[in-house]
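Visitor: Sharing a structure below in structure tokens format, with a few things to ask.
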Amino acid sequence: MAPADSPDGVAVVAQSRPKRAEMEALGREVGVFVRVRPTADFAHGLIECLPDGQTVNIRQRKDSRKPLDGKKSRLSSWSFQLDGVLQNVSQGDVYSRVCRRVTLGALDGYNGTVICFGQTGAGKTYTMTGSSESYEQRGLVPRALQELFQEVQKRTDRAFSVHLSYLEIYNENLVDLLPWPQTFPPPPPRGMAVMEEPGGGVFIRGLSLHPVHDEEEALHLLFEGEMYRIVGSHSLNRRSSRSHCVLTVHIESHSRTVSDVKYITSKLNLVDLAGSERLGKTGSEGQMLKEAGFINKSLSFLEQAILALADCRRDHVPFRQSKLTHVLKDSLSGNCNIVLVANVYAEAAQTEETISTLRFASRMKCVQTSPVVNEHMNPAAEIKKLKKEVQMLKDERSIFNTVVSVKRKSSSRYEPLTEAERVEAQSQVQSYLEGSLEGISITSVRQVQAVFAQFKLAVHQSKRRGEGSPVSKKHLENSSESKLTDVQTPKTDPGDAESQEVTESHPPAKEPFVYEAPPPKPEAFEDFRKGQGSKINLIFNENKAILLDRRGLLCQLSKEVSDVKREIDSVTADLQQHERREGQDDRSPVRDGHAAAQEPEDSLLVRLGELKARYRQRYKSLSHIKAEVNYCQHLVDQCRVRLHAEFESWYEQSFPSPEDNEETTPNTNSTQRNSRAKSFSPQQKISP
């Protein structure tokens with residue numbers, strides 16, 4: 001019985017992203033939550049959830065336990081203190097309290113693990129994956145994937161690379177739930193195995209890793225893997241998971257704003273464990289009995305590993321006892337944010353299993369972790385940086401050996417220039433531009449870089465102010481907001497009026513052209529769309545309107561096809577029910593009303609034939625409209641490309657940059673741009 005959901009998402013958006021210090025502080029211990037499966041037979045006299053939302057008290061009947069000794073027989077009540085009790089809460093609230101912090105931490109470089117543990121049928125798979133009945137009942141995994149890619153789009157300062165893997169552990173065998181991607185090399189012939197890296201981490205040899213770029217691709221892989229999971233049916237659960245499943249999201253990010261050789265990686269593990277079983281209650285036999293044995297054995301080894309992790313006096317943790325504990329080695333200890341969701345029943349008949357689950361949760365809460373950001377060095381970028389430094393040192397040595405005739409000799413400098421040396425370089429450039437200094441003494445490569453930076457600044461300031469060549473500058477003053485200098489307008493000397501008249505009457509023959517600052521491209525683009533590019537813009541808008549209309553028709557036809565398919569399934573189910581009733585009537589000695597029962601069956605067959613014909617017709621129309629939408633989208637894209645190409649050509653001709661070669665004629669540039677823009681004809685429009 002699934003809990004009723006309310007619209008969610010507002011509270012999630014309102015929360016802020018946890019900072020690095022906060023993440024490390026919160027990740028010191030494992031977060032443990034208990035989720036109570038809704039039931040009409042809640043054992044109010046035995047199970048009590050306190051109003052603080054963190055405490056569960058359980059009282060067990062004395063006659064329900066076998067008498068052991070006098071001391072143990074008196075232990076009939078327990079109290080469990082956890083991080084949260086999730087009772088009658090929506091899937092959205094469960095995600096915001098359990099999984100959201102771990103998901104955002106993974107984007108910041110922290111490994112994260114969310115585990116669902118509990119008795120079979122207690123709601124682990126529903127919590128982790130959710131139900132397909134409604135969108136509001138989706139579980140932790142689809143919600144985490146959705147928020148992950150939404151955050152990736154928001155964090156524009158970093159470039160993210162996301163990969164997905166889906167592993168199943170069935171009867172101590174490793175199974176890949178996803179097909180091996182065709183773009184990657186084939187899997188190794190030796191099969192899948194748990195391997196350990198030199199740094200202490202573990203990885204699965206032979207497990208496929210799929211690149212995903214958006215939420216749609218990730219959910220497609222999730223649903224594809226869910227179809228191959230092994231499930232069974234017993235007295236406590238109609239769809240009992242017979243295996244442990246681990247969905248891992250591998251994240252790697254690089255900075256877009258800083259040219260750094262460092263990058264960060266992280267793994268987000270979402271673990272759906274198979275439920276523990278008491279064979280006397282589930283009634284498993286045959287193959288399911290064998291599966292239950294493997295499940296209980298692996299969960300027992302998992303509990304032993306948790307006990308060892310919680311005991312600070314123990315140096316060895318038995319991770320290699322089972323495939324489950326070996327795979328989860330990185331997910332249970334060390335550098336990882338861990339959250340456990342203990343799913344329990346609230347019925348009197350399941351009190352012993354509930355107590356066992358809560359005991360495991362209490363032991364898990366004692367485990368301590370130390371999550372840190374996984375920073376790495378890019379070897380290729382580091383080598384490139386070192387080569388650049390080596391080349392700079394070689395240039396430095398060459399300058400030191402060749403500049404022996406310079407009056408001002410000094411040892412080569414390898415460290416950055418000081419503030420005084422930068423001011424001196426500025427003063428030398430100023431004197432050189434004014435003509436009072438014939439040359440600048442060069443002592444190091446870093447001084448050369450500083451001098452050229454001052455020249456570059458002078459040129460940019462001259463172009464911005466429209467004052468011609470920087471040679472005519474008279475003053476370079478320090479800026480109060482920057483370490484660089486700001487070029488000022490030369491002051492006129494009243495006593496030099498005669499030379500000024502000569503200069504104005506005889507301008508230099510090669511005075512550079514003064515370029516005005518071009519308008520911003522967004523404003524220029526709007527003017528272009530209303531002016532010279534109005535024709536192609538009109539075609540673009542018309543094609544876009546037709547594309548939107550075709551998309552609306554596509555949605556309508558898709559809905560009609562789905563409705564007809566639903567009616568076909570309903571009529572087919574009615575026919576099967578009629579056939580079963582007819583088979584019962586054939587075995588019965590009394591066959592009154594058989595002819596009357598045949599008439600509705602005939603009408604159902606006629607109705608089924610009509611629905612199938614309508615389905616074929618709608619599906620054919622849907623295929624045609626899909627092709628038309630694809631064609632319309634192609635033309636709209638071509639229109640957009642042509643519009644931007646025409647704008648770039650118009651912008652370059654209308655506002656030429658100072659760096660353009662003055663010897664290049666406009667006709668040549670226009671010819672080259674026209675040759676690049678011939679991929680689409682402005683007369684090509686979509687036929688309504």
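Visitor: Being surrounded by 14 or more Cβ atoms within 10 Å (Cβ to Cβ), at pLDDT below 50 and closer than 29 Å to residue 548 by Cβ: is that true of residue 647 here?
Guide: Numbers: surrounded by 14 or more Cβ atoms within 10 Å (Cβ to Cβ): yes; at pLDDT below 50: no; closer than 29 Å to residue 548 by Cβ: yes.
No.
Visitor: Please give the number of the condition residue 662 fails out of (1) over 24 Å from residue 554 (Cβ atoms); (2) modelled with pLDDT under 80; (3) touching a helix residue (DSSP H, G or I) at 6+ places or on another chain (Cβ under 8 Å).
Guide: Every listed condition holds for residue 662 apart from (3).
Visitor: Return the residues of segment 425-446 that are surrounded by 14 or more Cβ atoms within 10 Å (Cβ to Cβ) and of a type in the set (D, E, K, R); say none if nothing qualifies.
Guide: Result: 434, 446.
Visitor: From the set of residues in segment 386-397 that are surrounded by 12 or more Cβ atoms within 10 Å (Cβ to Cβ) and modelled with pLDDT of 85 or more, which is nearest to residue 250 (Cα to Cα)?
Guide: Once the filter is applied, the top-ranked residue is 392.
Visitor: Quick check on my filter: what residues within segment 105-138 are in contact (Cβ under 8 Å) with a residue 24 or more places away in the chain and in a loop (DSSP other than H, G, I, E, B)?
Guide: Step one: list which residues in segment 105-138 are in contact (Cβ under 8 Å) with a residue 24 or more places away in the chain, which gives 105-131, 133-134, 136-138.
Residues satisfying the conditions are 108, 109, 110, 111, 120, 121, 122, 123, 129, 131, 133, 134.
Visitor: Does residue 184 satisfy being aromatic (Phe, Trp, Tyr), in a loop (DSSP other than H, G, I, E, B) and farther than 27 Å from residue 356 by Cα? Write out each step before concluding.
Guide: Details: aromatic (Phe, Trp, Tyr): yes; in a loop (DSSP other than H, G, I, E, B): yes; farther than 27 Å from residue 356 by Cα: yes.
For residue 184, the condition - aromatic (Phe, Trp, Tyr), in a loop (DSSP other than H, G, I, E, B) and farther than 27 Å from residue 356 by Cα - is met.
The values are calculated or read from the model by the stated rules, or taken from the named source; none is laboratory data. The structure displayed is predicted, hence computed values, not measured ones. Every residue, glycine among them, receives a Cβ derived from its backbone with ideal geometry; neighbour counts consider all protein chains shown.
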